[in-house]
Amino acid sequence: MSKRPAAERNFRVIAVQPQWRAADFTSAAAFRAWMRSQLELSKPYFAPDRPNLVVLTELNGLPLVLRGAGWVTRLGTFERAASALVLTRLPRVLPVLLRERVSPIRALQLAASDENVRLYLNTCRDLAREYGVYLCCGSTPLPRYRLEGRRLLREPRTLHNESVLLDPQGELIGVADKVHLTPDEEAGGVDLTPGALAELRVFPTPVGDLGVAISLDAFRADVISRLEDQGCTVLLQPDANGAPWTALEGLPPDPTQVRDQPVAWLESSWQATTRGHSIRYAVNPMVVGNLLDLTFDGQSAIVGPAEEAPEQRSYVLTEPRPGFLALMPWVEEGEPEHLRALGRQLAARSGHPRENRYRTGVLAADLTLPPSRVPVPPRSAHEEALAALLAGRVALPRPRLFWPLLGVATLLWALRRRKR
């Protein structure tokens, strides 16, 4: 008796373009409501007859550092807010500084990481279950964990920009760390740890053989080649572009080579699907909104082979072309100088009546792939730890009184020595 051939994979992908505000991150309830609002926006686009994959945006957990301190948002800039948080949370931050020898901004994030990771992962798990979707949670600063018996231990110093993939039961599919960090993510900014290229893997699922290239990674040939070599068919590019969309872009390796942001974006997902090898589709959701003094803007897109998307269209400030299965319109269309001026008006602290009036929405596309031939990669120790946490088999430790007391004692000792 001959085997029946495996069925094609028919599924729907959904990209959410949300707007964030500092107030969305000042409490657990506000964060859960903001994340839920994105699934609610997606819900009318769900396909009832096939699996659905929802893809959220980059660093959507980073502002949780503001949680419990809404007053710092009145300081006006993210740098001032972070400095104030380091000072007011010094009893918890100082022990991390002393013990792990990291920068104040990384110590601030690590000091609250267990509580924020618990909130972030539980929120995403509950939403994946409730809405019955495959979920790319976006990305968030995540430490590296490992299991030791029934305890979950955090690796010192490490804090990646990490994307988490969940199935409709809220169970872990896998994780991916960002390899190529922008200057704002490096030591002069939020001070994250670069991921390892060799650790990027492809995860076969009913919604594609998923590879994650967070933001800048999708522009880099080494990342795309690594994912293609493993058979990636659907590229996920969660994004948070920290600049006006119609401004000029200049990034490493050659920051002196500037061009319009949308022109640069054609070298990420669109290029990977129209000129690449195994990658057939890509999903690139982008967050918008002014977060204190920081500006985020862009055009979310779902892209694929030119023959499946023959309609000529593209980002603003670029020539129309095939390959866009779905594209979020920008705020307006018009002549380049008008669009550049409008980008400046929307930006943080512009003082213009149109400041922070971005476009939000949802994109969806039905995709088809042949059966997967990609093997399921073995889980890393970190993934085993996160899987146990999501399943409720272990819990992250609650804050202990010892380290804050040590921080207070150390601070008092330092002040006393200074007076002598």
Verdict on R12 being over 27 Å from Q169 (Cβ atoms) and among the charged types (D, E, K, R): no
Select, from A348, A365, the only residue that is within 22 Å of the chain's Cα centre (by Cα) and in a loop (DSSP other than H, G, I, E, B). A348
Mind checking which residues of segment 303-343 are surrounded by 16 or more Cβ atoms within 10 Å (Cβ to Cβ) and over 28 Å from R12 (Cβ atoms)? L317, L339, R340, L342, G343
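Just to check your reading of the model, which residue among L135, L119 is in contact with a Phe, Trp or Tyr (Cβ under 9 Å, 6 or more places away or on another chain), touching a residue at least 60 places away in the same chain (Cβ under 8 Å) and of a type in the set (A, V, I, L, M, F, W, C)?
Details: L135 fails: in contact with a Phe, Trp or Tyr (Cβ under 9 Å, 6 or more places away or on another chain).
Answer to the selection: L119.
Take the residues of segment 59-77 that are part of a loop (DSSP other than H, G, I, E, B) and among the aliphatic types (A, V, I, L, M): which is surrounded by the fewest Cβ atoms within 10 Å (Cβ to Cβ)?
Within segment 59-77, the subset part of a loop (DSSP other than H, G, I, E, B) is 59-61, 67-69, 76-77.
Going one step further and asking which of them are among the aliphatic types (A, V, I, L, M), we end up with 59, 69.
Values: L59: 26, A69: 16.
It comes out as A69.
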Quick check on this structure: which one of V102, V72, V96 is closer than 16 Å to F25 by Cβ and touching a Lys or Arg at 6+ places or on another chain (Cβ under 9 Å)? V72
Only residues that are among the charged types (D, E, K, R) and within 22 Å of P285 (Cβ to Cβ): list them for segment 173-225, please. D177, K178, D184, E185, R201, D209, D217, R220
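Hey, which of the strands (runs of 3 or more DSSP E) in segment 280-339, taking only ones fully inside, have at least 2 residues that are within 21 Å of E249 (Cα to Cα)? First the steps, then the outcome.
Values: elements: 281-284, 289-291, 294-296, 301-303, 324-327.
By residue number, 289-291, 294-296.
Rundown of residues vs (1) touching an Asp or Glu at 6+ places or on another chain (Cβ under 7 Å); (2) surrounded by fewer than 21 Cβ atoms within 10 Å (Cβ to Cβ), yes/no style:
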{"position": "L152", "(1), (2)": "no, yes"}
{"position": "E162", "(1), (2)": "yes, no"}
{"position": "L165", "(1), (2)": "no, no"}
{"position": "V175", "(1), (2)": "yes, no"}
{"position": "A198", "(1), (2)": "no, yes"}
{"position": "P206", "(1), (2)": "no, yes"}
{"position": "G211", "(1), (2)": "no, no"}
Can you name every residue in segment 219-238 that is out of contact with any Phe, Trp or Tyr (no Cβ under 9 Å at 6 or more places or on another chain) and either in the same structural domain as L53 (by TED's automatic domain parsing) or closer than 21 Å to G298 by Cβ (or both)? R220, V223, I224, L236, Q237, P238
Taking segment 28-49 and the residues there that are without any contact (Cβ under 8 Å) to a residue 60 or more places away in the chain and under 16 Å from the mean Cα position of the chain (by Cα), the one that is surrounded by the fewest Cβ atoms within 10 Å (Cβ to Cβ) would be W34
What's the number of the condition R80 fails, among (1) in a helix (DSSP H, G or I); (2) closer than 25 Å to W34 by Cβ; (3) within 22 Å of the chain's Cα centre (by Cα)? (3)
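The values are calculated or read from the model by the stated rules, or taken from the named source; none is laboratory data. Because the structure is predicted, anything quoted here is derived from the model rather than measured. Heads up, the Cβs are rebuilt from the backbone with ideal geometry, glycines too, and the neighbour counts pull from every protein chain shown.
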